[in-house]
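Take a look at the structure set out below.
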Amino acid sequence: MSILRKALTTVALATALMATGAHAETKRIAIVVKALGIGFFEAAAKGAEEAAKELGDVEIIYTGPTDTTAEGQIEVINSLIAQKVDAIAVSANDTDALVPTLQKAMERGITVISWDSGVAKEGRLMHLNPSSSALIGNTIIKLAADHLPEGGDVAILSATTTSTNQNVWIEEAKKVLPNYPGINIVATVYGDDLADKSYRETQGLLQTYPNLKAIIAPTSVGIVAAAQAVTDAGKVGQVNVTGLGLPSEMAGHVKSGASQSFAIWNPIDLGYSATMIAYHLSKGDAKAEPGAEISIGRMGSVKLDENGEAAMADPFTYDASNIDQFSSIF
């Protein structure tokens, strides 16, 4: 072998080794959502990619089932375990059903956190709430009560019966009912985060409760479907649809009057923060223990409570005065 050829071979080998090393150091973080095709989670994925770009050594795997079932998420997580990802950040369809699979992931050295909708403590290192559950519960009731000075019948359109975050928010909402005299929750129905089912459930509410004054949907899929059902039923101005939704999806319904106001945190920020936490825990820069503070980049930091949970930010209310400002963003 000539000296030149040997030198070139040595350089090529060194370059290959460096590339392999760089790839080996890259953290592969899987963002597992309740189901693909939901605007809220697609916005969160943008935040995850923003965090990955900022960190520099992160590859994001955005994935989830085609429908909002625990079985679908378990299949996805098992695939991620086989791929030997570094971290899994999951918004859970069921509090308990995912635990055994996530425990298997942690036993194999994979960092596991939940965000948005949590899993039981045994199945994760920590959970990131988008906001305080108590604040969210109070907000969704207040959004309805603000436009019902004399009180009235209110119904709740939730996602699935097993959705962790939805159930906690509804529980917190019911706790503050004494603070809003005259507000009466007549029913809670479930649209399974499917637009067509949420629409049909809203139709059922309108037929069953002719004196209904408001529908609270703490789900970005449900609130849009409910607003459309109220519009189609000619009930705009009679039934106010509120809850948690995306400005881009709710702008038209705010302008039509089907929704007076609604709230949400920024899902881009939530995906960004979840990725930051998963990264720092995976790298060993932080520990998931009570009282620990974990950096979430431009969002500041979060502090874990005794249950290994943290809250990102307060929910923000959107109405006709500001909807145009945010509807082009997410």
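Summary table
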| read-out | value |
| --- | --- |
| Projected label distance in nm at residue 283 and residue 79, using a 7 Å step from Cα toward the beta-carbon | 2.9 |
| Share antiparallel - DSSP beta bridges, the chain, percent rounded to 5 | 15 |
| Additional length obtainable on full extension of the chain from residue 317 to residue 238, 0.36 nm per residue less Cα span | 26.3 nm |
| Residue pairs, from the table 121/197; 104/197; 121/287; 104/287; 84/303; 34/174, whose Cα atoms sit over 22 Å apart | 121/197; 104/197; 84/303; 34/174 |
| Degrees between helix 133-145 axis and first principal axis of the chain (Cα, 0 to 90, nearest 10) | 30 |
| Percentage relative contact order, the range 178-276, counting C-alpha pairs under 8 Å, at least six apart | 22 |
| Potential extension, residue 147-residue 208 segment - 0.36 nm per residue separation minus Cα distance | 19.8 nm |
| Rel. contact order, % - alpha carbon contacts under 8 angstrom, at least six apart, the chain | 18 |
| In degrees, nearest ten, helix 164-175 long axis to first principal axis of the chain (Cα) | 40 |
| Rounded to whole Hz, the Karplus (6.51, -1.76, 1.60) HN-Hα couplings of the range 30-42, x for glycine and proline | 9, 9, 9, 9, 4, 6, 6, x, 9, x, 4, 6, 5 |
| Residue 107/residue 298 FRET efficiency (R0 35 Å; Cβ-Cβ; nearest 0.05) | 0.55 |
| Gap separating the Cα centres of the range 307-330 and the range 213-288, nearest whole Å | 8 |
| Gap separating the Cα centres of the range 33-90 and the range 127-178, nearest whole Å | 27 |
| Helix-only [θ]222 nm of the chain, DSSP H runs n ≥ 4, -39500 (n - 2.57) each, per residue, nearest 500 | -14000 deg cm²/dmol |
| Estimated FRET transfer efficiency when R0 is 56 angstrom, pair residue 256-residue 26 (beta carbons, to 0.05) | 0.75 |
| Charged-residue dipole, Cβ positions (Lys, Arg, Asp, Glu), the chain about Cα centre, Debye nearest 20 | 680 |
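Throughout, read-outs are computed from the coordinates displayed, never taken from laboratory work. Keep in mind it's a predicted model, so treat the numbers as computed, not measured. Note: ideal-geometry Cβ built from the backbone for every residue, glycine included; neighbour counts use all protein chains shown.
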